[in-house]
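Enquirer: To start, I am sharing the structure in question, which I have written as structure tokens.
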Amino acid sequence: MSNPLQPDQIASARLAEVGKVWTSDLSVSEFALLDAAGFEPLEFVMGSSVFHIGWQNQNLRQSTELSVLTQAMYTARFNAMGRMMSEASQVQADGVVGVRLEFRQHGLSAEHIEFIAVGTSVKHKTSPGSFRRPDGAPFTSHLNVQDFYTLLSTGHAPVEFVMGVCVYHVAAQGFMQSLKQMGQNVEMPQWTQGYYDAREMALTRMQAEAERVQAVGVTGVEWAAREWMWGAHTLEFFTSGTAVRKTGPGTPITPSLVLPLR
């Protein structure tokens, strides 16, 4: 029996067939609009990373970032995105639209998480290569095709799906403080400040990624704050968006009224 193919070899074998039948997770409406924008779909691309989240010592009385955990969560996402981009490069795509970066618990252990990045690789029909990033790599964008089409009409193009991460521990309040707050409407300052700090660090890192790829701004910013397996006083703040660059003058867009028929 021959040795089984490694995951990257399996993907390479599938992607080598591109040109015979394209695959896409786009809806029919998105596919039609993608064609109107001058692009064609090439292949449904994906990347995955199963990651073991390490342990970091926490001081219950100190509000601070947990840098070991922050790096773990960022690296796992970065690995998944990088493998998706590698598949896009293999089919000579100009970019990937509709990128989704999701996670799920892997197996029985709460410390094992799989991050999955998916999207549809596309290529410009008349000017292939012209919409790639300044460094020649395919662009990545989490925008749906409707927003992608509108973005191009404004004289901008996507550069990269950028993100920022911060895992933060919020200090536990003392017994006397809890006693004083009992039965009262009162702000919990350590939690307010903790969320502020985590947000600012995550947003700053996302903006730094955009600057690194020579973008002029980030559109479609999304954020999420979640408590993970590290305890009730530990949260992860994650923010993401599509970094864009200016390509030329835009086309005026005239809004139109659409009435649904029901």
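The values are calculated or read from the model by the stated rules, or taken from the named source; none is laboratory data. All of these numbers come straight from a predicted model, not from anything done at the bench. Reconstructed Cβ throughout: ideal geometry from the backbone, glycine too, with neighbour counts over all protein chains shown.
Enquirer: Name the residue that is surrounded by the fewest Cβ atoms within 10 Å (Cβ to Cβ), counting only residues in the range 130-146 that are more than 22 Å from E211 (Cα to Cα) and of a type outside the set (A, V, I, L, M, F, W, C).
Expert: Going through the qualifying residues, I end up with Q146.
Enquirer: From the list V97, V18, V68, exactly one residue is at pLDDT 70 or above and not in a helix (DSSP H, G or I). Which is it?
Expert: V97
Enquirer: Only one of L179, L259 is more than 27 Å from W55 (Cα to Cα) and at pLDDT below 75. Can you tell me which?
Expert: L179
Enquirer: Sticking with this one: So which residues in the range 216-235 are at pLDDT below 90, farther than 18 Å from T192 by Cβ and surrounded by 14 or more Cβ atoms within 10 Å (Cβ to Cβ), if there are any at all?
Expert: W228, W230
Enquirer: What residue, of T75, T70, T120, is of a type outside the set (K, R), under 18 Å from the mean Cα position of the chain (by Cα), buried (at least 22 other Cβ atoms within 10 Å of the Cβ) and closer than 30 Å to Y196 by Cβ?
Expert: From the options T75, T70, T120, the qualifying one is T70.
Enquirer: Does at least one position in the range 147-162 carry a residue that is buried (at least 18 other Cβ atoms within 10 Å of the Cβ), part of a loop (DSSP other than H, G, I, E, B) and of a type outside the set (A, V, I, L, M, F, W, C)?
Expert: no
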